[in-house]
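Asks: Before I ask anything, let me first share the structure, which is written out below as structure tokens.
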Amino acid sequence: MENQKIAEKLYREGIKVEQYFAGLSGPRIRIDVYQEGQSWQIRDVLAHFISAESSFLKLFENIRNGGGGSPEDFSINEYNDSNVLKMRQIAFEKLITLFHETRSQTVEWLKSISEDDFEIIGRHPAMGVVSLGEMVKMIYIHNQMHLRDIRIAIDAVLNDNGELAGVENTDK
């Protein structure tokens, strides 16, 4: 069943994401990844993963139960910035735990739905009107795109010795 395969893929990817973020500490989590609009540091991207995925679960269940999904006038950037800002006070280690919990909920939800559910059409806030199956697959792609941006941001601040240059050494 496709939903079982995707659930397993997201489970494995979730473990890798947790391990990746757990390997970052101190000043690395404060590296700026995005600077347009509200700037996001690495820790903010992890908060975004949690916020987005928990919101996607609600959206997917809405669509699965006959709802239309995201409103046409939904501002995804405002929503994401607002939720990331709300999570700034959460300790980085707690964010990793919250990501694990959120991903576990996603995997369990995927295991509970039918193959037919993947064909239901609804509105995704970034993708527009697509099938629920396409939306679910985007979770993996979404995280991979942000992880690529994190790696680029880290590489940009490494000096010739492989040490971080110009990043404040604080940990929260």
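The values are calculated or read from the model by the stated rules, or taken from the named source; none is laboratory data. Since the model is a prediction, treat every value here as computed from it, not as a measurement. Note: ideal-geometry Cβ built from the backbone for every residue, glycine included; neighbour counts use all protein chains shown.
Asks: Mind listing just one residue for me: the one in the range 111-146 that is polar (S, T, N, Q) and assigned to a helix (DSSP H, G or I) and, of those, surrounded by the most Cβ atoms within 10 Å (Cβ to Cβ)? Outline the logic, then answer.
Replies: From the range 111-146, those polar (S, T, N, Q) are 112, 114, 131, 143-144; that's our starting set.
So of that shortlist, the ones also assigned to a helix (DSSP H, G or I) come out as 112, 143-144.
Numbers: S112: 11, N143: 22, Q144: 12.
Of everything passing the filter in the range 111-146, N143 is surrounded by the most Cβ atoms within 10 Å (Cβ to Cβ).
Asks: Next up: Here are F56, F74: which of them is more than 17 Å from the chain's Cα centre (by Cα) and of a type in the set (A, V, I, L, M, F, W, C)?
Replies: Checking each option against the conditions leaves just F74.
Asks: Return the residues of the range 28-52 that are within 19 Å of V157 (Cα to Cα) and touching a Ser or Thr at 6+ places or on another chain (Cβ under 7 Å); say none if nothing qualifies.
Replies: R30, D32
Asks: E36 is checked against (1) modelled with pLDDT under 95; (2) in contact with a Lys or Arg (Cβ under 9 Å, 6 or more places away or on another chain); (3) charged (D, E, K, R) and fails just one. What number does that condition carry?
Replies: Condition not satisfied by E36: (2).
Asks: What are the residues in the range 31-48 that are surrounded by fewer than 21 Cβ atoms within 10 Å (Cβ to Cβ) and over 16 Å from R151 (Cβ atoms), if any?
Replies: Q35, E36, G37, Q38, S39
Asks: What number of residues within the range 72-103 are of a type in the set (S, T, Y) and either free of Cβ contacts under 8 Å to residues at least 40 places away in the same chain or surrounded by fewer than 13 Cβ atoms within 10 Å (Cβ to Cβ) (or both)?
Replies: Taking the range 72-103 and keeping what is of a type in the set (S, T, Y), we get 75, 79, 82, 97, 102.
When the remaining residues are screened for being either free of Cβ contacts under 8 Å to residues at least 40 places away in the same chain or surrounded by fewer than 13 Cβ atoms within 10 Å (Cβ to Cβ) (or both), the result is 75, 82, 97.
Residues flagged as of a type in the set (S, T, Y) and either free of Cβ contacts under 8 Å to residues at least 40 places away in the same chain or surrounded by fewer than 13 Cβ atoms within 10 Å (Cβ to Cβ) (or both) within the range 72-103 amount to 3.
Asks: Do you know which of the residues in the range 147-172 that are at pLDDT 90 or above and acidic (D, E) is surrounded by the most Cβ atoms within 10 Å (Cβ to Cβ)?
Replies: Within the range 147-172, the match that is surrounded by the most Cβ atoms within 10 Å (Cβ to Cβ) is D149.
Asks: Quick one: which of I90, I96, I76 is closer than 25 Å to V45 by Cβ and at pLDDT below 95? So that I can check it myself, show each step before the final result.
Replies: Values: I90 fails: at pLDDT below 95; I96 fails: at pLDDT below 95.
Being closer than 25 Å to V45 by Cβ and at pLDDT below 95 holds for just one of I90, I96, I76, which is I76.
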